[in-house]
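The values are calculated or read from the model by the stated rules, or taken from the named source; none is laboratory data. Computed from a predicted structure; not experimentally measured. Here Cβ is always computed from backbone atoms with ideal geometry, including for glycine, and neighbour counts include all displayed protein chains. Side chains are part of the model used for accessible areas, which takes the heavy atoms of the whole protein and leaves out ligands, DNA and RNA. Shrake-Rupley method; radii C 1.70, N 1.55, O 1.52, S 1.80 Å.
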Amino acid sequence: MAKIRRFQAVHPPKDLAPRVAALPYDVYNTQEARALIEKEPASFLQVDLPLATMEAQTDPKDYDLLGKKALENYQAMKEAGYFLKDRQAKIYLYELTMEGQSQLGLVASASVDDYLDDTIKKHEFTRKDKETDRIHHVDSLDANTGPIFLTYRNTPLIKEIMEEKRAQDPLVAFVSEDGVGHRIWAIEDEGKLDQLEEAFGKLEALYIADGHHRSASAVQVALKRRKDHPDYTGEEEFNFFLAILFPMEEVRVMDYNRVVADLNGLDEASFLEALKENFLLEEAPTSPYQPEGKGTFGLYLGENWYKLTLKDGLAPDDPVASLDVSLLQDLVLDPILGIKDPRTDERIDFIGGIRGLKELERRVHEDMTLAFALYPTSLEELMTVADAGRVMPPKSTWFEPKPRSGLFIHELS
């Protein structure tokens, strides 16, 4: 059964929260982060992506040096009054609103043991280099700074407590530059906190929606601390990591689209003909074309949008192979375009749905040859894959809006 618990959060004073809050570090490259920090010196990116505050020639794989710089920047922000630490352990309520749609979640600490015994379920592989970077980051800071985005199947009691708190005035409320609204409440009542922890204790599973590298890294740091403290009880803070838990009905999953550099030696006519083996091919009803349902794909090629519809009977009875991202890989990208491993092949790139279909057209006009628009993977599909102990293909899901870093920090000591 799942275990979450209250914690003593480190957070910015409410008047500084809009300045400190930053999108996750992996949304930006170093140059973009450097520009944002120059524009807003209070940005939490200086802690989450310390390379952006260092000399241009700094080795991005000198993880010890990066960890030391992250700690230096964090301590400087604390000394400058950008952060306070709660005296009382609490659970927070965090609401994100984008384009009129709200997503309400709980900020708490999640259990390392739940991750290890698969009560917290995963659906992605992690990359060793990205994991190593975050291990050094967490260990150096002695804190989790990037919240893990978890989702769960809601219960009436959890929903009731959340809605009751949302009806009150928030502690923090602001709109970030991208137009996303942020509101925060603190749950301090001991009875309500007990009820929440007990209610989650009755859930069979939690699911990682976003943050596989951050969670894996947090767990590795915890295992290191356990080795250093063989008399640990399991209740120390390093046995838990920072999480934001959103009920599945409020989570918005967007499409994750593909652009490809060339036709693998084919001309347009031959490529389109090859697609007809497994798909019905027709001119798209709209331009650009957003697929209307599972098994349909948009193709942008030669200034034209096409609609691809998987032929009847071709969808495998398998939770992974039946995903649209898998069908595209197995029926088009690999056999026709020669892209065997989308993780490493430089001929393919991935475009999050938040950037829109016009971005696909722009990339085709600029540096690619064709683009595929996909129907979003559903959260139910994600959970089915995770429940089966399987993993999804890379770049299967794009979640919006993204929780901000810097609003909640979980210190391990």
Q: May I ask you to give the solvent-accessible area per residue for region 117-211, in square angstrom, as obtained with a 1.4 angstrom probe?
A: 46 Å²
Q) Label K227 and D312 with points 7 Å out from Cα along Cα→Cβ: what is the distance between them in nm? A) 5.8 nm
Q. Given springs between every Cα pair under 10 Å in a Gaussian network model of the chain, which of A110, A388, A89 has the largest fluctuation?
A. A388
Q: Can you tell me the 0 to 90 degree angle between the C-alpha axis of helix 30-39 and the longest principal axis of the chain, rounded to 10?
A: 50 degrees
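How many lysine pairs in region 225-342, separated by 8 or more positions in sequence or lying on different chains, have Cα atoms less than 21 Å apart?
So the count of such lysine pairs works out to 6.
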Q.
From Cα pairs below 8 angstrom and at least 6 apart in sequence, can you work out the relative contact order of the chain, rounded to a whole percent?
A. 25 percent
Q) Which lysines, on any chain, are close to K14 with Cα under 28 Å apart, when same-chain ones fewer than 8 places away are left out? A) K39, K68, K69, K78, K85, K90, K159, K165, K192, K402
Q.
Rounded to the nearest percent, how much of the accessible area of the chain (1.4 Å probe, protein heavy atoms only) is carbon and sulfur?
A. 48 percent
Q | Per-residue ³J(HN,Hα) for region 396-411, Karplus 6.51 cos²θ - 1.76 cosθ + 1.60, θ = phi - 60°, Hz, x for Gly and Pro | A | 8, 9, 10, 9, 9, x, 9, x, 7, 8, x, 7, 9, 10, 10, 7
Q. Around E268, with a cut-off of 15 angstrom between Cβ atoms, what is the net charge of the other residues, counting Lys and Arg +1 and Asp and Glu -1?
A. -4
Q | Between 0 and 90°, nearest 10: helix 190-200 axis offset from the chain longest Cα axis | A | 30 degrees
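Before I look further, what does region 247-394 give for accessible area per residue, probe 1.4 Å, in whole square angstrom?
Counting only protein heavy atoms, the per-residue value for region 247-394 is 45 Å².
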